[in-house]
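No value in this document is a laboratory result; all are computed from the given coordinates. In this text, all values refer to a predicted model and were calculated from it rather than measured experimentally. Because the Cβ atoms are built from the backbone with ideal geometry, glycine has one as well, and the counts that use them run over all protein chains shown.
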Amino acid sequence: MQRMIDWNPALAALPLSGIRRMFNLAATMKDVIHLSIGQPDFPTPKHIIEAHVAALNEDKTHYTMDAGLPELLSALSEYYSARTGRRLKPENFVETTGGSEAMFLAITSVAAPGKEVIVIEPSFVLFQPLARMAGASVRRIVTTAQNGYQVDPQEVIDAIGPKTCAIILNSPGNPTGTLYPRSAIQAICVEAQRRGVTVISDEVYDRLILDEVEPCSVLDCNPDLDNVIVASCVSKTYSMPGLRIGWLISSEANIQTLRRYHMFTTTVGNTPGQWAAAAALQGSQQCVAEMVAEYRRRRDHIVSWIDAAPHLSGYCPQGAFYIMPSLPAGTDGSAFALKMLEETGVCTIPGDTFGESCRNALRISYATALETIEQAFERITPWLEQQSF
Ligand SMILES: Cc1ncc(COP(=O)(O)O)c(C=O)c1O
């Protein structure tokens, strides 16, 4: 008899990704327009590529310190000290393999059986499964397209209970592009600190802010970092997701624990990638301004196309490169997205990928050329007119 692997039951917490389902079908079709991609479509800026190639040519291909390349940790401390006005030292950082490892370490080092993690839905695909895999339960706070997926901070505060160990924030967020105002982040941070609850803040889109608003990091809201873990990366800001460089920020004592955990996961990050990341943080930031300007132009168009499309309820996202319009209540977004893909060749991501409460929504990514997005709407708008609910 063939013996099966006796898998760790914790793996049952990991769902079949809705993104994969759509991509599998799209791969069998011709002439598909992808509004589904969660990565920037711009080439990586030249000075970053040059730093990466130089590192390879200079034989910088061996392990770094497990906390991260010292030059990158220094670059990070200077970058954040300038941005936040708070003095951060290299000891406040651990380098990780992208924002994904950063969030893996942050969530699974805090979540545990008997504890509860507060997650605001729609939520990025990793958050809820990682909390559950670590044995914690998830308390979901639901937000809707009707109010632009803004969170009511009081609802989060009221959800804090004796088992709450962490609140996960993600502003601007994937899949919604929603940016929380400083007042909301501040209110949550202040109460979390008072109650000894950790705020885990995924800030990977913190530089992709599309309006003239002051972005807010939890680093700006907490007088000390004892109850705060911030995750970020260079993937989105500098259009270099394949180089896989991210980091965590917290108090020195917390970082010591997280560095030890990192040692037992990926040990060290990609060395040439860390040199490239240091060049990104220290070089001209003009490339970021140019990418943000283009995302803004696309966002403005897509918001008006969604407004004009029947059956879609939109809003104006202020960050990242996503928008998540909703369909009429009760619509099975998953079946709808598959039908739309089959009949129009436009690939989006069904809402249930990001939580139970957003089944009737679709995530649209505008990390693709404006002309391509326009062609997609030329297909889906007349198609939507023919749909009945
Ligand atoms: C909210 C959020 N966090 C983390 C990540 C992971 O980032 P990385 O590609 O650097 O691992 C992503 C990637 O899409 C994301 O959208």
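At 10 °C and 1.306 mPa s, grab the translational diffusion coefficient of the chain from Stokes-Einstein with a Kirkwood Rh over Cα pairs, rounded to a whole number in µm² per second.
74 µm²/s
Lysines within cross-link reach of Lys163: Cα-Cα under 22 Å, excluding same-chain residues under 8 positions apart?
Output for Lys163: Lys115.
Which value, in debye to the nearest 20, describes the size of the charge dipole of segment 47-282 about its Cα centre when Lys and Arg Cβ atoms bear +1, Asp and Glu Cβ atoms bear -1, and nothing else is charged? Before the final figure, lay out each step's value.
Working: 18 positive and 25 negative charges, 112 e Å.
Magnitude of the dipole: close to 540 debye.
Please give every one of the lysines within straight-line cross-link reach of Lys46, meaning a C-alpha to C-alpha distance under 26 Å, and leave out same-chain neighbours fewer than 8 residues apart.
In chain and number order, the partners are Lys60, Lys236.
How about Lys30: which lysines have a C-alpha closer than 27 Å to its C-alpha, ignoring those fewer than 8 places off in the same chain?
Result set, ordered by chain and number: Lys339.
What residues have an amide H closer than 5 Å to that of Arg139, excluding those fewer than 5 places away on the same chain, when H is modeled at 1.01 Å from N in the peptide plane?
Val117, Ile118, Val119
Counting only GluC sites (Glu not before Pro) that sit in a DSSP loop (anything but H, G, I, E, B) with at most 10 other Cβ atoms within 10 Å, what is the longest stretch of the chain containing none of them? Can you show the working numbers first?
Values: sites that count: Glu58, Glu212.
The reported range is 213-389.
By how many degrees, 0 to 90 and rounded to 10, does the Cα axis of helix 182-195 deviate from the longest principal axis of the chain?
The answer is roughly 50 degrees.
Which of the cysteines in the chain are isolated, no other cysteine C-beta under 4.7 Å?
Result for the chain is Cys165, Cys216, Cys233, Cys287, Cys316, Cys347, Cys358, no neighbouring Cys Cβ within the cutoff.
Against the longest alpha carbon principal axis of the chain, how many degrees, from 0 to 90 and to the nearest 10, is the axis of helix 46-57 turned?
Value to nearest ten degrees: 50.
Using only Cα atoms, find the angle between the long axis of helix 286-308 and the longest principal axis of the chain, and express it within 0 to 90 degrees, rounded to the nearest 10.
30 degrees
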